[in-house]
1. Give the residues of region 161-196 that are farther than 28 Å from residue 131 by Cα and in a loop (DSSP other than H, G, I, E, B), sorted by residue number.
2. Just to be sure I understand, how many residues within region 55-96 are assigned to a helix (DSSP H, G or I) and out of contact with any strand residue (DSSP E or B) (no Cβ under 6 Å at 6 or more places or on another chain)?
3. Among the helices (runs of 4 or more DSSP H) contained in region 208-312, which hold 1 or more residues that are closer than 19 Å to residue 117 by Cα and either touching a helix residue (DSSP H, G or I) at 6+ places or on another chain (Cβ under 7 Å) or not assigned by TED's automatic domain parsing to the domain that holds residue 151 (or both)?
4. Identify the residue in region 125-137 that is modelled with pLDDT of 95 or more and more than 14 Å from residue 256 (Cβ to Cβ) and, among all such residues, is surrounded by the fewest Cβ atoms within 10 Å (Cβ to Cβ).
5. State which residue pairs qualify: first residue at pLDDT 95 or above and inside region 57-81, second residue assigned to a loop (DSSP other than H, G, I, E, B) and surrounded by 20 or more Cβ atoms within 10 Å (Cβ to Cβ) in any location, beta carbons under 6 Å apart, and separation of 6 or more residues or different chains.
6. Restricting the search to region 266-300, which residues are surrounded by 21 or more Cβ atoms within 10 Å (Cβ to Cβ), under 23 Å from residue 224 (Cα atoms) and touching a strand residue (DSSP E or B) at 6+ places or on another chain (Cβ under 7 Å)?
7. For residue 62, are the conditions met, namely being surrounded by fewer than 17 Cβ atoms within 10 Å (Cβ to Cβ) and assigned by TED's automatic domain parsing to the domain that holds residue 95?
8. Can you name the residue in region 161-179 that is more than 25 Å from residue 259 (Cβ to Cβ) and without any contact (Cβ under 8 Å) to a residue 12 or more places away in the chain and is also surrounded by the most Cβ atoms within 10 Å (Cβ to Cβ) among such residues?
């Protein structure tokens, strides 16, 4: 039988799983709930049981499986050891070793979920054809994955690529979720965009559709597209912060391409109107020509990247 790979994207609510061939074609995908009770002790056994059930269903023998890759919400070092995942109740242990035992010896590779999603976009998504790229996820926070020479830049303990926590503003009084002040994700995430909009609405009495009802990042970008002057000013502020942050990343990683994903990216190409000019203003000249594109794999980026981990 042809060789198969399993890709696993472990989230706080659900675990997404995918079955792939060695060329990266997605053959099947499914989900199971993430059971976080008892300090997350059920999570890896549940994943192993689900993989084994799929193998039995599809008639896949253990020798036909190249390996299982998994992306997890926490820092993972090059040896497959996670260094705490608070929202799962996990401490420090080897995911690679523990899951391999549960799978009866099938090889396992593990990585941080944002880094793994970046690998997926490089392999089969918006970064296809690039060996040096940065994936940026603009969601509730700002996630990142840095690919250098086709490999994930994970750092000494898996905390590499945390671009959402680049320091951007010295005078910030509110704390970021990480505990620091003035992090990029306080301004460029979905929650950051709405925060910028609320602050602008408080200090400016200019007429704006953003004054009506609830306020979301989608509302802001819809208003930008409609030509709302105040919303455009918020977009310019957002773009200046994000452009500055990505210029800092580029000074270290020198990517050929930035791949922008996450909920905010659903605004579409209009984002680049506000990001690219500030980026070029702040960036070192050697990285000025980096491309900006939208991510294409959506919620499947994690399972693609996890499968790609197995291939090295």
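1. Scanning region 161-196 gives 169, 170, 171, 172, 173, 174, 176, 177, 178, 179, 180, 182.
2. Residues meeting the conditions: 9.
3. Hits in region 208-312: 229-253, 301-311.
4. Selected residue: 125.
5. Here the result reads 65/106; 68/106, each pair linking region 57-81 to a residue that is assigned to a loop (DSSP other than H, G, I, E, B) and surrounded by 20 or more Cβ atoms within 10 Å (Cβ to Cβ).
6. If the condition is that a residue be surrounded by 21 or more Cβ atoms within 10 Å (Cβ to Cβ), under 23 Å from residue 224 (Cα atoms) and touching a strand residue (DSSP E or B) at 6+ places or on another chain (Cβ under 7 Å), then 271, 275, 295 are the ones that fit.
7. Spelling it out, residue 62 is indeed surrounded by fewer than 17 Cβ atoms within 10 Å (Cβ to Cβ) and assigned by TED's automatic domain parsing to the domain that holds residue 95.
8. 175
The values are calculated or read from the model by the stated rules, or taken from the named source; none is laboratory data. Note that the structure is a prediction, hence the values are computed from the model and not measured. Every residue, glycine as well, gets a Cβ built from its backbone with ideal geometry; the counts of neighbours run over all protein chains shown.
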